[in-house]
Amino acid sequence: MGLLARIRKEWFIIGIVLVILSAKLQPGVGVRGGPLKPEITIAYVAVSLIFFNSGLSLKTEELTSALLHVRLHLFVQSFTLVFFPLAVWLLLRVLALTAIDQWLLRGLQTVSCMPPPVSSAVILTKAAAAIFNSAFGSFLDSGAGEASLCALCNLCVSVLQGIIVTPVLLLLFVSQTC
């Protein structure tokens, strides 16, 4: 393999190394208020471009197919928005009898009422898909790719529901915890 072919193959790693070396040599370029304005370019432009690029790579047919797995979505949503906060609430009722600080217990309940982060949503949906496949036969036909799309659907639903559901759960659980 020639040098040019190797550079084409490893362009991303080479780019990362070059950016790290550039930051080491000229750290002032990327500081807050510097020429790159990271408070704007990273927070808005870079994140938007990453999600836009990821969205462009999705096939509409596969996304539609993933949306149609209603039982899986209901299972994941009920687990994350009903079962998990309730299980943590029950655990915290027991822990409230110990010497653990009450504010720590309230913080744990608060975290349990929030929608899952991206990585947890993907892991939870893939695990739920595996459970459904073993319990109900071939639930997801395409395997890991479709499970990832289902995870994306669940993540979007969780985040949108979280705007309304999280405050309601906090009113229900945190006001009673401790």
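The values are calculated or read from the model by the stated rules, or taken from the named source; none is laboratory data. As the structure is a computational prediction, the values presented were derived from the model and not from experiment. Please note: Cβ atoms are built from the backbone with ideal geometry, for glycine as well, and neighbour counts cover all protein chains shown. Keep in mind that these areas ignore ligands, DNA and RNA; they rest on the heavy atoms of the full protein, side chains included. Shrake-Rupley method; radii C 1.70, N 1.55, O 1.52, S 1.80 Å.
Of all residues in the range 134-172, those satisfying the criterion of being polar (S, T, N, Q) and at pLDDT 70 or above are Ser148, Asn154, Ser158, Gln161, Thr166.
Count of the range 10-55 residues, restricted to those that are among the basic types (Lys, Arg) and at pLDDT below 90, is 2. For Ala99, the requirement of being open to solvent by 30 Å² or more (accessible area, probe 1.4 Å), modelled with pLDDT under 80 and hydrophobic (A, V, I, L, M, F, W, C) is not met.
Selection of helices (runs of 4 or more DSSP H) fully inside the range 3-80 by the criterion of at least 3 residues being surrounded by 10 or more Cβ atoms within 10 Å (Cβ to Cβ) and within 27 Å of the chain's Cα centre (by Cα) returns 11-25, 47-56, 60-67, 70-78.
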